[in-house]
Amino acid sequence: MSVLPLVFTSGWASGVNAYAVVLLLGVLGATGLSDDVPAALQRPEVLVIAGVLFLCEAVADKVPYVDSAWDMAHTVVRPAAGAWVGALLAGHSGSLSDVAAGLVGGSTALASHAVKAGTRMAVNTSPEPFSNIVVSIAEDLGVGALVAFAVFHPVAAAVIAGTLLLLGLVALCFLVSRIRRFLRRRARRREERRLVGPPTGAPPW
């Protein structure tokens, strides 16, 4: 069977949490639960680095405004990770060219990253922090469940990932006003910080 469905699903998941994808695939391969995971993802140093970065993201992703800054910093990382994982999966299976798999994984990761980042901006317009925590936990659980499911049922998982991506893009259109509100609020905070002078009693230089 072509590896394309697994590449697509891993790309979608990488756009949400790339470190979780690398860590989970690596663990599934290293423990012998799947023969479809490339050896590069099973290397101990890859698993350790992915695990540490996953823990960092698990914390940053649940803090209002910090999550959006984290998303912005990962605008390149997540699509690159999706392309890298896709190319590795294609090279391991031999049923799809590395370049094609990289394009599919990277572009899918970029689209799902846009949905995630936009959704978080909309969520950050809410004054309480609990919505961030709930959304973050739901994303982590969704990525873990779908990637594990994709290893054993790639076609069904790809259908689910495609549906989630489509629904996310549609929802993003309805959240445009809240996203604009978030951007205006962030710009206003930056302007206020810029206009604030030195602390009282501090020398003018």
### Expected 222 nm ellipticity per residue - DSSP helices of 4 or more, -39500 (n - 2.57), all of the chain, to 500
-26500 deg cm²/dmol
### Query
With every protein chain kept in the model, how would you rank Thr119, Thr9, Thr163 by accessible area, 1.4 Å probe, largest at the top?
Thr163, Thr119, Thr9
### Query
Using the reciprocal of the averaged 1/r over all distinct C-alpha pairs, how large is the Kirkwood radius of the stretch 116-179 in Å?
12.9
### Task
Find the Cα radius of gyration of the chain, compare it with 2.2 N^0.38 Å by division, and give the number to two decimals.
1.15
### Task
Quick one: check the C-alpha center-to-center distance for the stretch 122-185 versus the stretch 72-117, whole angstrom.
18
#### Entry: Positive-end extreme of charge dipole, the chain - chosen from Leu167, Leu55, Trp84 (charges on Cβ)
Leu167
### Task
Quote the charge dipole size of the chain about the Cα centre in Debye, to the nearest 20; the model charges only the Cβ of Lys and Arg (+1) and of Asp and Glu (-1).
1180
### Query
So for the pair Ser177, Asp35, with labels modelled 7 Å out along Cα→Cβ, what separation do we get in nm?
5.6
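The values are calculated or read from the model by the stated rules, or taken from the named source; none is laboratory data. Because the structure is predicted, anything quoted here is derived from the model rather than measured. No Cβ is skipped: glycine too gets one built from the backbone with ideal geometry, and neighbour counts run over all protein chains shown. Surface areas here come from the heavy atoms of the whole protein model, side chains and all, with no ligands, DNA or RNA. Shrake-Rupley method; radii C 1.70, N 1.55, O 1.52, S 1.80 Å.
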